[in-house]
Structure formats: structure tokens, C-alpha cells
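Read the structure below first, then the notes.
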Amino acid sequence: MDELKKIAGVTAAQYVKDGMTVGLGTGSTAYFFVEEIGRRVKEEGLSVVGVTTSSQTTAQAESLGIPLKSADDIDVIDVTVDGADEVDPNFNGIKGGGGALLMEKIVATPTKDYIWVVDESKLVDTLGAFKLPVEVVQYGSERLLRVFEAKGYKPAFRQVNGKRFVTDMGNFIIDLDLGKIADADALANELDHTVGVVEHGLFNGMVNKVIVAGKDGVQILESDK
Ligand code: 5RP
């Protein structure tokens, strides 16, 4: 599996050219993309500025000597490469398995060429088997959990080592066990309008290209939007 992730990550690096501002994704697949950018900076003198999507990726990029800027200091990102947890045929997807969805969406939004790198196990007909991460403000989050429970969303606070997971932005994550998401746009709209929700892991129609590594090679799916 790591080999497929590496193939996807390294393939995506071909879209990065000298002088670009590059969004650096989070997770075990994006990891290989960041490593390849670091290699090219060091060995080929590639000149780029990175914008990271988590403290984890910041640490990796710094260790590789990739120059960084904050999302506060850029207006446009040329290309961002990130992972995804599920992708459907309409280029909708779930992200946030690593808990970085808020920073990931902040970096994705001003990106001209937004690319996901996945192995073929991430392609699904309908989103929802992967639990949908929802980032919520800590204050009032117990009540929000009960609201989601009443809607039948089977919510649970994300835990790490027996403690509630706290995101890089200081919030909690509630994972929704939805099984199948019948209407991803309607659910995104509902969550966008739920007070206390900071962001959710539905990234609908945002991605331009999905690089899929599988047993039979690499496939590049391009959205026509
Ligand atoms: C982190 C993410 C990741 O990109 C997503 O979970 C995919 O990770 P991986 O490549 O390790 O499967 O959204 O918040």
C-alpha cells in the first residue's frame, strides 16, 4: 500500500514547477509528495514556496528545507496536492481522517490546481462508509453531539489515547457514522449552517485532478469544471 501511495505522491509532484506557491497536504499519501518536493528543492534547486495544511506537514517541510509561507500571506496558490479518505465519481470527497480538514480547506480554497493523491481503495460510488469528520468549537460541543444524535448521524468525539483529539486550530472533531450520504451537497449545506461547526470534511466538487495509484498503474481523473 505504501508503494502505491508513493507512486501517487511522486506522480503529483510533476505538476510543480519553478516559482510556484504550493499547498502541501497532510496524511500518509501526501507525505510522499512533500518528500519529493523536498528532494527536488535539495537536489535540483527547485524554487517554490510551500503553504502547509497541518503542524505535522509544517514539521516535515521544515525538516526538508522547503521555504514556507502562512496562508495569511498569500492570495493564490498555484497547485495543492493532498490526500483524501473517499472520492466519488462526481469529484466529491471526504477528508479529515488525519484531523486537518480545516487547514486543508483553507489551503484548497485559493488553489488554482487542486489535486488529490489516493490509492484505488479510496474510490467509492457513494460517500459515507468513511466516518465524516466535523470540526466543532469546544464550547457547546456536547450539545451539538446530542443534536447530531437526534438526527441519527451516530456521532462520536474523536479520541486519541483516551483523550479528546484537539485539532491544530484548538477545536474538537465529531465523526459522523452515516453509512451512505444520499445528498452530499445538501449535507454540506446543512453543516455549513450549523452554529458551532467550524468546518466539515465534505470537499464537494473542489478537486481538479485525482491521481489514483492501483495495482495496474496510475490513472489521472480530471474534472471538467
Ligand atoms: C488529513 C486528511 C488526509 O489527507 C486523508 O485522511 C488521507 O490520508 P491518507 O493519505 O493517510 O489515507 O484529510 O486530514
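The values are calculated or read from the model by the stated rules, or taken from the named source; none is laboratory data. These figures come from a predicted structure and were not determined experimentally. Reconstructed Cβ throughout: ideal geometry from the backbone, glycine too, with neighbour counts over all protein chains shown. Ligands, DNA and RNA are excluded from the accessible area calculation, which covers all protein heavy atoms including side chains. Shrake-Rupley method; radii C 1.70, N 1.55, O 1.52, S 1.80 Å.
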(request) Search the structure for amide H atoms under 5 Å from the amide H of Leu127, placed 1.01 Å from N in the peptide plane, and list their residues when 5 or more places away or on another chain. (result) Ile181
(message) Can you report the principal axis dimensions of the range 132-198 using only the alpha carbons, biggest first, rounded to whole angstrom?
(response) 32, 22, 20
(message) Probe of 1.4 angstrom, ligands and nucleic acids ignored: what's the accessible area per residue over the chain, in square angstrom?
(response) 47
(message) Suppose we look only past 23 Å in the calculated P(r) of the range 43-150. What percent of the Cα-Cα pairs does that tail hold?
(response) 41
(message) Could you give me D for the range 7-89, from Stokes-Einstein at 25 °C and 0.890 mPa s, where the hydrodynamic radius is the Kirkwood radius over C-alpha pairs? Units µm² s⁻¹, please.
(response) 194
(request) Based on the mean of other Cβ atoms within 10 Å per residue, sort peptides 60-67, 136-143 so the most packed one is first. (result) 60-67, 136-143
(message) Taking all protein chains in place and a 1.4 Å probe, what share, in percent, of the accessible surface of the chain do carbon and sulfur account for?
(response) 49
(request) Would you compute the Debye intensity of the range 69-111 from its alpha-carbon atoms alone, equal scatterers and no solvent, and pass along log10 I(q)/I(0) at q = 0.21, 0.31, 0.33 Å⁻¹ to two decimals? (result) -0.74, -1.17, -1.22
(request) Enter the angle in degrees (range 0 to 90, nearest 10) between the Cα long axis of helix 2-12 and the first principal axis of the Cα atoms of the chain, meaning the one along which they spread out most. (result) 70
(message) Using the Cα centre of the chain as the reference point, and only Cβ charges (+1 on K/R, -1 on D/E), how large is the resulting charge dipole? Debye, rounded to the nearest 20.
(response) 520
(request) Go through 80-89, 102-111 and give me the packing order, highest mean Cβ count within 10 Å leading. (result) 80-89, 102-111
(message) To test your reading of the geometry: what angle, between 0 and 90 degrees and rounded to tens, separates the Cα axis of helix 55-64 from the longest principal axis of the chain?
(response) 10
(request) For the range 102-225, take the alpha-carbon Rg, divide it by the Kirkwood Rh, and send me Rg/Rh. (result) 0.99
(message) Could you compute how much accessible surface Tyr15 exposes when probed at 1.4 Å, giving the result in Å² to the nearest 10?
(response) 50
(request) Find which of Thr26, Ser47, Tyr153 sits farthest along the positive direction of the dipole of the chain, computed with +1 on the beta-carbon of Lys and Arg, -1 on that of Asp and Glu, about the Cα centre. (result) Tyr153
(message) Please compare each pair in Lys6/Lys180; Lys17/Lys163; Lys112/Lys154; Lys151/Lys215 to a cut-off of 31 Å on the Cα-Cα distance and tell me which ones are over it.
(response) Lys17/Lys163; Lys112/Lys154; Lys151/Lys215
(message) Applying a 10 Å radius around every beta-carbon, put 21-34, 173-186 in order of their mean neighbour count, most first.
(response) 21-34, 173-186
(message) Can you compute the helix-only [θ] at 222 nm over the chain? Use -39500 (n - 2.57) per DSSP H run of at least 4 residues, normalise by all residues, nearest 500 deg cm²/dmol.
(response) -8500 deg cm²/dmol
(message) With Kirkwood's inverse mean 1/r over C-alpha pairs for Rh, give me the Rg to Rh ratio of the chain, two decimals please.
(response) 0.97
